[in-house]
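The values are calculated or read from the model by the stated rules, or taken from the named source; none is laboratory data. Not measured: the values here are computed from a predicted model. For neighbour counting, all protein chains shown are included, and Cβ atoms are generated from backbone atoms with ideal geometry for every residue, glycine included. In case anyone asks, the SASA skips ligands and DNA or RNA and just uses the protein heavy atoms, side chains included. Shrake-Rupley method; radii C 1.70, N 1.55, O 1.52, S 1.80 Å.
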Amino acid sequence: MRIPTDGQIRALHAKHAPTRDAFELVYTHCEIVWGIAEQLLARDGLDVDADLVRAGCLLHDIGVYRLYDEDGVLDHAGYLRHGVLGHDLLREEGISEEICRFCSRHTGVGLTRDDVREQGLPLPPADYVPVTGEEELVMYADKFHSKTEPPTFVSAASYAARVRRFGAGKAAIFTSMCERFGLPDLAPLARAYGHATV
């Protein structure tokens, strides 16, 4: 498997972003998620491939670009599909399946086939859950930043409250990830990017 360089990843974003604003929103979010993961990787005891995590962080949301219409308006109602759209986009670009999966396996704390069926989600019935440590770390780091308008950093307490709406099992998954990976220090990133923390 060949892991794309930062320059190649940025070029993929630039190629698929329908507008400069879309590029800035999505690519900046991906950079922030990598900054969060990089902090967590600096701690002892994580047996993951840092280069693979970097690529996963920088590419996980590339499918968002396929949700913009010709007028540059984002389809918020279809947003849940951005992971599978990103997976397909990267596959079409010849990126390895190992990297494509970061797109389809980062939503929430993972979506199971049962979640898709029981909640009537607009996704092909399948399991969209991380199966490697790298996939889990990318999914976890992503929970601490949101592309809302304006973008914000998200504290562990805020995300825990959000995910609790989807059941105790989902909240337990997030708690387990907090214990495994630790909590990032969002303050320096919030200062660097000028985004508030909620």
Worksheet item: If you keep only loop residues by DSSP, which trypsin sites (Lys or Arg not before Pro) in region 1-81 have at most 14 other Cβ atoms within 10 Å of their Cβ?
Response: R2, R43
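Would you mind telling me the share, in percent, of accessible area of region 104-156 contributed by carbon and sulfur at probe 1.4 angstrom? Write down the numbers at each step before the final one.
On the way: 1130 of 2130 Å².
After summing per-atom areas, the C and S share lands at 53 percent.
How much length is gained on full extension from R2 to T28, taking 0.36 nm per residue of separation minus their Cα-Cα distance?
7.0 nm
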Worksheet item: If you take the alpha carbon radius of gyration of the chain and divide it by 2.2 N^0.38 Å, what ratio comes out, to two decimals?
Response: 0.96
Discussion item. Eigenvalues of the Cα gyration tensor times 5, then square-rooted: what semi-axes does that give for region 113-198, in whole angstrom, largest first?
Written reply: 25, 15, 13
Worksheet item: Ignoring any ligand, DNA or RNA, what whole percent of the accessible area of region 1-100 comes from carbon and sulfur when the probe is 1.4 angstrom?
Response: 46
Discussion item. For a quick check, take a GNM of the chain with Cα springs below 10 Å and name the residue from A141, A55, A171 with the largest mean-square fluctuation.
Written reply: A171
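Keeping all protein chains in place, calculate the accessible area per residue for the chain (probe 1.4 angstrom), answer in Å².
Dividing the accessible area of the chain by its residue count gives 47 Å².
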Fill in: Sequence-separation-based contact order of region 1-94, relative, with Cα cut under 8 Å and 6+ spacing, percent
29
Worksheet item: Heavy-atom accessible area of S104 with all protein chains present, probe 1.4 Å, nearest 10 Å²?
Response: 10
Worksheet item: Which whole-number percentage describes the relative contact order of region 90-134, with Cα contacts under 8 Å and a sequence gap of 6 or more?
Response: 33
Discussion item. Suppose every Lys and Arg Cβ carries +1 and every Asp and Glu Cβ carries -1, with no other charges. What dipole size does the chain come out with about its Cα centre, to the nearest 20 debye?
Written reply: 440
Fill in: Along principal axes, Cα extents of region 75-163, largest first, whole Å
36, 28, 28
Worksheet, complete the sentence: Taking a crude spin-label model, label points 7 Å out from Cα along the C-beta direction, the V198 to D44 distance in nm is 3.8
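Going from most exposed to least, what order do D115, D47, D88, D185 have by accessible area with a 1.4 Å probe?
Highest to lowest solvent-accessible surface, that is D47, D185, D88, D115.
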Response to the item:
Taking alpha-carbon centroids only, region 120-198 lies from region 1-38 a number of Å equal to 18
Worksheet item: Using 7 Å Cα-to-Cβ label points, what is the A11/V73 separation (nm, one decimal)?
Response: 3.5
Item to complete: Return the distance in nm (one decimal) between the two label points of a simple spin-label model at S176 and L121, each offset 7 Å from Cα along Cα→Cβ.
Response: 1.6
